[in-house]
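A.B. asks: Take this structure first; my questions come after.
The values are calculated or read from the model by the stated rules, or taken from the named source; none is laboratory data. Computed from a prediction, not measured in an experiment: that's the story for all the values here. Because the Cβ atoms are built from the backbone with ideal geometry, glycine has one as well, and the counts that use them run over all protein chains shown. Heads up: the accessible areas ignore ligands, DNA and RNA and are worked out on the full protein's heavy atoms, side chains in. Shrake-Rupley method; radii C 1.70, N 1.55, O 1.52, S 1.80 Å.
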Amino acid sequence: MKTIVPLLQHVPLFQALSEEDLLALAPLFKERKVKKGDILFLEGDAGDELFLIKSGVVKIYRLDESKEIILALFRDGDFFGEMALISAGLTRSATAESMEACILFVLSRSAFTQFMEKSPKLCLKLLETTMERLRQANEQIYDLTFLGVRSRIMKTIIRLSDQHGIASPNGLLINVKLTHQQLANMVGTVRESVTKVLQELLDDDYIQIDKKMITLKNVEAIKAEIR
């Protein structure tokens with residue numbers, strides 16, 4: 001499993017570890033391949049694994065009266081399920097589903113516990129990471145409560161560009177394919193509202209859309225309109 005070490009070196013949770021520590025940690029991961037649409041875990045399941053994505057995209061969501069609410073998207077180099085490493089007996093607070101075929105590395109809590117006891121740096125980093133994701137969740141709750149639909153949509157594509165953006169000749173490309181319905185599920189609105197706002201942003205030449213991928217052509221102009 002030495003091949004996983006370069007991937008671990010780019011994951012914020014493990015960047016504080018030495019190469020020697022990473023070489024000791026790498027064999028604890030098990031590779032798992034999943035198809036598009038596979039459920040990795042369900043809300044309410046017992047949680048005892050952390051997932052690291054080598055390739056592919058995973059969405060994290062909850063169901064509210066059969067309506068899907070997407071909480072986060074994760075892709076190559078991202079990890080999720082870290083709460084399972086902190087405390088035994090916790091249940092999953094959301095469902096994880098692959099949006100395309102994925103190669104994952106999975107770390108069980110039982111395999112990780114002994115290693116974590118020897119690495120105070122890793123314990124601290126795990127706590128910092130968990131607190132940062134809690135802060136992001138609180139910000140999303142604030143947005144859903146106080147921002148209008150147009151602002152929520154614009155703030156969501158800004159956030160996606162921060163998380164998944166890559167430079168392109170036309171601007172900042174969100175490197176994840178998203179349908180209008182999936183965006184609607186992220187901002188708590190209906191698909192028609194997303195379609196309307198995206199068309200307005202296209203008309204203003206703020207964005208470009210090609211094959212379900214959004215490019216932000218004028219990030220500052222979009223940020224200026226969020227209120």
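A.B. asks: I'd like to know if the range 128-147 contains one or more residues that are exposed (fewer than 15 other Cβ atoms within 10 Å of the Cβ), of a type outside the set (Val, Ile, Thr), free of Cβ contacts under 8 Å to residues at least 60 places away in the same chain and part of a loop (DSSP other than H, G, I, E, B).
C.D. replies: No, the conditions are met nowhere in the range 128-147.
A.B. asks: Check whether at least one residue in the range 164-179 is surrounded by fewer than 18 Cβ atoms within 10 Å (Cβ to Cβ) and part of a helix (DSSP H, G or I), and report yes or no.
C.D. replies: No - not one qualifying residue is present in the range 164-179.
A.B. asks: Which condition does Leu85 not pass, out of (1) assigned to a helix (DSSP H, G or I); (2) open to solvent by 20 Å² or more (accessible area, probe 1.4 Å); (3) touching a residue at least 24 places away in the same chain (Cβ under 8 Å); (4) not basic (Lys, Arg), if it passes all the others?
C.D. replies: Just one mismatch for Leu85, condition (2).
A.B. asks: Just one of the numbered conditions (1) open to solvent by 80 Å² or more (accessible area, probe 1.4 Å); (2) at pLDDT below 95 is not true of Glu192; which one?
C.D. replies: Evaluating Glu192 over (1) open to solvent by 80 Å² or more (accessible area, probe 1.4 Å); (2) at pLDDT below 95 leaves (2) as the failure.
A.B. asks: Need pairs with beta-carbon distance below 8 Å; first residue among the aliphatic types (A, V, I, L, M) and within the range 202-213, second surrounded by 13 or more Cβ atoms within 10 Å (Cβ to Cβ) and in a helix (DSSP H, G or I); sequence gap 6+ or separate chains.
C.D. replies: What qualifies is Ile207/Ile157; Ile207/Leu198; Ile207/Leu201; Ile207/Ile222; Ile209/Leu198; Ile209/Leu202.
A.B. asks: Also, I was wondering about something else. I'd like to check something: does the range 108-130 contain any residue that is modelled with pLDDT of 90 or more and out of contact with any helix residue (DSSP H, G or I) (no Cβ under 9 Å at 6 or more places or on another chain)?
C.D. replies: The answer is no, given that none of the residues of the range 108-130 is modelled with pLDDT of 90 or more and out of contact with any helix residue (DSSP H, G or I) (no Cβ under 9 Å at 6 or more places or on another chain).
A.B. asks: Moving to a separate point now. I'd like the full set of residues that are charged (D, E, K, R) and either modelled with pLDDT under 95 or more than 27 Å from Ala88 (Cβ to Cβ) (or both), limited to the range 33-42.
C.D. replies: The answer is Lys33, Lys35, Lys36.
A.B. asks: Can you give me the number of residues within the range 49-80 that are open to solvent by 20 Å² or more (accessible area, probe 1.4 Å) and within 13 Å of Val106 (Cβ to Cβ)?
C.D. replies: 2
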